[in-house]
1. Over 17 Å apart: what share of the alpha carbon pairs of segment C:53-104 falls there, rounded to a whole percent?
2. Amide H neighbours of C:Ala33 under 5 Å, counting only residues 5+ apart in sequence or on other chains, H built in-plane at 1.01 Å?
3. Could you pull out every residue, at least 5 positions away or on a different chain, whose amide H is within less than 5 Å of the one on B:Lys101? Hs are placed 1.01 Å off N in the peptide plane, and Pro or chain starts have none.
4. Mind listing the Cα extents of segment A:1-87 along all three principal axes, in Å, largest one first?
5. Which residues belonging to segment D:1-16 lose at least 50 Å² of 1.4 Å-probe accessible area when the assembly is complete, relative to their chain isolated?
6. Calculate one ³J(HN,Hα) per residue across segment C:127-133 by plugging θ = phi - 60° into the Karplus curve 6.51 cos²θ - 1.76 cosθ + 1.60, and present them in order as whole Hz with x for glycine and proline.
7. Per residue, how many Å² of accessible area does chain B show with a 1.4 Å probe?
8. Could you state how much accessible area is buried at the D-C interface, both sides summed, with a 1.4 Å probe, in Å² to the nearest 100?
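The values are calculated or read from the model by the stated rules, or taken from the named source; none is laboratory data. Just so you know, these numbers come straight off a predicted model, no measurement behind them. Ideal geometry is used to build each Cβ from the backbone, glycine not excepted, and the neighbour counts take in all protein chains shown. Remember, those area values only see protein heavy atoms, side chains included, never the ligands or the DNA or RNA. Shrake-Rupley method; radii C 1.70, N 1.55, O 1.52, S 1.80 Å.
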Protein chains: 4
Amino acid sequence: NDITHEEALKAVLAAKVDAEKQGVLVNIAVVDAGANLKAFIRMDESYLGSIDVAIKKAKTARYFNIDTGELGELTQPGGIIYNIEHSNGGLISFPGGVPIKNKNGIIIGAIGVSGGTIDEDRAIAIKGAKSIID
Amino acid sequence: NDITHEEALKAVLAAKVDAEKQGVLVNIAVVDAGANLKAFIRMDESYLGSIDVAIKKAKTARYFNIDTGELGELTQPGGIIYNIEHSNGGLISFPGGVPIKNKNGIIIGAIGVSGGTIDEDRAIAIKGAKSIID
Amino acid sequence: NDITHEEALKAVLAAKVDAEKQGVLVNIAVVDAGANLKAFIRMDESYLGSIDVAIKKAKTARYFNIDTGELGELTQPGGIIYNIEHSNGGLISFPGGVPIKNKNGIIIGAIGVSGGTIDEDRAIAIKGAKSIID
Amino acid sequence: NDITHEEALKAVLAAKVDAEKQGVLVNIAVVDAGANLKAFIRMDESYLGSIDVAIKKAKTARYFNIDTGELGELTQPGGIIYNIEHSNGGLISFPGGVPIKNKNGIIIGAIGVSGGTIDEDRAIAIKGAKSIID
């Protein structure tokens, strides 16, 4: 139950098409079931700082099998896992990272998008994740 | 006054038995009096991101001889040691890490548990810590 | 004079096609003129350790505008830049990383390949680099 | 095809029994198919510096599916992959890390041992790796 490189490429390209349609410049990373980088693309003129953010969003989503935005609701001051971002070499806990599931609902990897607003990033990530079961 | 590897193994296995009883998938780490990793086990299917969190909980508990949940009350915005998580390569300051004491109440190490809810993690860690004086 | 993401993707895919033709399982990374990750793909079943090696080969090739294999001839014991691998968060100084040039011979990025023998990696990297001017 | 925590624990304990029989003080780490830490134990009085060496030996063995001692023959000055140790956050390329295979010969993880001589470390690692198919 691991994403293939063809699926990872499909997800990255679907996310890229969606980003272009919206006129948003992003970095897109896909990790496999082991949270290892599987595919990546950085759109021209996107933020330099978004390379690492996109990769960390994808890894975070797979480390804890969660939408990174949902994780962030728990890591705020007073939250139950406040400051968990200090683990695993740095987590990203705002929207833009989502698990990738296969047709049976099994998590096989994750995708992270960074460069737009958090709503844009999340929407693009979801498009990418869903592309592999269309 | 340092935990032995037999005691560390006993604590890890006691914690594991308790986790299995509760149906919680966790990573369990024990560090010695020097905050060095002494024993570790990662249950199948537990979160990938919990390996590092469990180890950091154990280290944090021994670095400051404190229940990590109690530490977290002091690290919030406005707290007296706000953002101390930036030190020591990353601390974890929510529940799941507790010091391990011998029969005389001397701290000889610490245990960290990650993978369940923070209440489950703390309860499992306490079970592990107490096992060596039973 | 910077590689575009379309060119980076073309180079990665050309390298992948060549690797598949040879039956070699590799990781392929392309960095831009700023040595920032631009595109990446990890073939199924390739070595886990090759993700980082491929990225470091690409960065090394651009950091010093050199074929990584040629750099390695200078980093041996007694060599003029012995152990330069300790800089920049870790360099890779054996074959598999090459600069990418545009039609005018200007370096616009670099490509790194890891997973096969060093000769295979270098040959695949060269195929990828040349693809963008064909 | 991933090692279970019961198998990982069995390998660690088999290695420990062998080390005790030989009177060698070692650290023993087992990683899973994804090169993630699965089980670990540190014998009393073993070298502090061997914790990280044991973990890195296990990871290195899985990163490249190789006996770390065999890898080291290729990383010497003049070797084909000289200084690859600078990748992946630090590799260890002398004996003591070996892949763990299941009964069908599939690699399902790796074990790393550090603390004795390199011959002792390798022999203990092999004992640990083989224990899961006995």
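1. Details: 376 of 1326 pairs.
Value for segment C:53-104 (Cα pairs over 17 Å): 28 percent.
2. C:Ile3
3. When sequence neighbours closer than 5 places are left aside, the close amide H contacts are B:Ile108.
4. 39, 32, 19
5. Flagged in segment D:1-16: D:His5, D:Leu9.
6. With coefficients 6.51, -1.76 and 1.60, one gets 4, x, 5, 6, 4, 7, 10 Hz.
7. Numbers: 5170 Å² over 134 residues.
Heavy-atom SASA per residue in chain B reads 39 Å².
8. Details: alone 6720 and 6720 Å², together 12050 Å².
Summed over both sides, the interface buries about 1400 Å².
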